[in-house]
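Here is the structure we will look at.
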Amino acid sequence: MKKQQAPGLSDSTLSALWRKTVLHVGRNTCVVCHGGGTLQAHHVIHRRYKVLRWNWRNGVPVHAGDCHETANLQGIYAAPPMWRDYLMEKSMQIHKQYLTNLGMSESEWRAEVKDDLLEELGDRT
């Protein structure tokens, strides 16, 4: 049986908030071509690394198609230089061990992730 999440902490809610935050932090500008318009939020480190899945530092705005493919090929270098070491260190951590080290439950971690995203957006609701 699937574990029920606290309201506002579901995968889809956190993913939507992550996308909004990534585009906001990236000033709605593609990191590849520096254009605006309709953008996607690209995970620098693959989202299967749960420690970084909803970390806004692990996302960059890109256009679909060629720009997104270029960001995929750039890998860690698609991220701003100031975040690269942080992302590499975090990607090495296994999620369960990460939570154990923090002394947090999955639900507490999700709430903290949500607060971090909202704080970066300047919205503490």
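The values are calculated or read from the model by the stated rules, or taken from the named source; none is laboratory data. Bear in mind the structure is a predicted one, so any value in this text is a computation, not a measurement. Counting neighbours? That spans all protein chains shown, and the Cβs are built from the backbone with ideal geometry, glycine included.
Restricting attention to segment 1-55, the residues that are closer than 24 Å to Gly65 by Cβ and among the small types (Gly, Ala, Ser) total 7. Within segment 81-125, if we keep just the residues that are among the polar types (S, T, N, Q) and surrounded by 11 or more Cβ atoms within 10 Å (Cβ to Cβ), the residue that is modelled with the highest pLDDT turns out to be Ser107. Taken over segment 25-50, the criterion of being among the aliphatic types (A, V, I, L, M), assigned to a loop (DSSP other than H, G, I, E, B) and more than 17 Å from Tyr77 (Cβ to Cβ) is satisfied by Leu39 alone.
Here segment 6-49 is the region considered, the condition is being under 11 Å from Arg110 (Cα atoms) and either β-branched (Val, Ile, Thr) or in contact with a helix residue (DSSP H, G or I) (Cβ under 7 Å, 6 or more places away or on another chain) (or both), and the residue that is modelled with the lowest pLDDT is Ala6.
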